[in-house]
Ligand code: F3S
């Protein structure tokens, strides 16, 4: 069996950095507890490993004891959360992805202007950036929201402002929204804040699909970018499967001649390597 990995797969820069910061914090903070505010990444294996090393996960600040070390995950948090942690004398380990940080700065700088932001209301990154934007922050979740804003906002039409987006928002959808709003708001500066990590993984996968008999997509079942990779694999390759780890590999994949491997942006290297190893060992029997 030949196994071909997608040229770009697995951890993105921001997630790798957050995991490394957590590992370092666990080594350095032996005296005080180390908390992650919300799950650090969408990957059970990595979360379990960090939990075994002593990291605790808190759903909200009230669960965190005074003086703890607190890791801010790659999605970032609103400034109010940082203030509350400071009041509790926590040591803040900021693992906000630099790309998210850049978006927070855009929102902060434009607090007095019109801020139109495309993203998912429930996503942690969006809540964080909204906190920096304040009362002028308008969230657009889809094309319909953009059309509603264009219809209802006569008073905002000539106001100076910015349009930008969640780092993982669909480029296609953003382009459509840009067209609708560009036609109505004459003083809206459009900034591209979509992270290339998702597209790079999608493009690498597309390149791989025609070269192999089946694609294995490795990553969390809840991970949005992994689910999107699986959709692409299913549409462009004869066989595709989405697994969280090697134990879920279906029997029929051991019979294939050429297998392609890709993985979501929160899948650690060790799980990808294990999948390749199991495929190699079982197919050579
Ligand atoms: Fe950062 Fe892009 Fe990953 S914004 S967390 S590098 S998907």
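All of the numbers you see were taken from the coordinates with simple rules; none came from a lab. Given the structure is predicted, the values throughout are model-derived calculations rather than measurements. Don't worry about glycine lacking a Cβ; one is built from the backbone with ideal geometry, like all the others, and counts go over all protein chains shown.
Worth a mention:
- Strands (runs of 3 or more DSSP E) contained entirely in the range 29-82, each with at least 3 residues that are more than 21 Å from the chain's Cα centre (by Cα): none
- Boolean, residue 49 is without any contact (Cβ under 8 Å) to a residue 12 or more places away in the chain and surrounded by 15 or more Cβ atoms within 10 Å (Cβ to Cβ): yes
- Taking residues in the range 15-27 that are farther than 14 Å from residue 75 by Cα, and partners anywhere that are in a helix (DSSP H, G or I) and more than 16 Å from the ligand (Cβ to nearest atom), the pairs with Cβ atoms closer than 9 Å and at least 6 places apart or on different chains are 22/50; 23/50; 26/50.
- Close pairs (9 angstrom Cβ cut-off, 6 or more residues apart or separate chains): on the phi > 0 side of the Ramachandran plot in the range 56-81, assigned to a loop (DSSP other than H, G, I, E, B) and away from the ligand (no atom under 16 Å from the Cβ) anywhere: 67/32; 67/33; 67/88; 67/89; 67/90
- Filtering the range 78-100 to residues that are within 14 Å of the ligand (Cβ to nearest atom) and either under 14 Å from residue 39 (Cα atoms) or surrounded by 16 or more Cβ atoms within 10 Å (Cβ to Cβ) (or both) leaves 95, 96, 97, 99, 100.
- Annotation note: of 187, 192, the sole residue that is surrounded by fewer than 17 Cβ atoms within 10 Å (Cβ to Cβ), more than 22 Å from residue 236 (Cβ to Cβ) and within 16 Å of the ligand (Cβ to nearest atom) is 192.
- Residues in the range 1-39 that are closer than 30 Å to residue 256 by Cβ and buried (at least 22 other Cβ atoms within 10 Å of the Cβ): 6, 9, 10, 11, 12, 15.
- For the range 227-241, the count of residues that are in contact with a strand residue (DSSP E or B) (Cβ under 7 Å, 6 or more places away or on another chain) and touching a residue at least 40 places away in the same chain (Cβ under 8 Å) is zero.
- Taken over the range 221-240, the criterion of being surrounded by 24 or more Cβ atoms within 10 Å (Cβ to Cβ) and within 16 Å of the ligand (Cβ to nearest atom) is satisfied by 226, 229.
- The residues in the range 1-28 that are more than 16 Å from the ligand (Cβ to nearest atom) and part of a helix (DSSP H, G or I) can be counted, and the count is 6.
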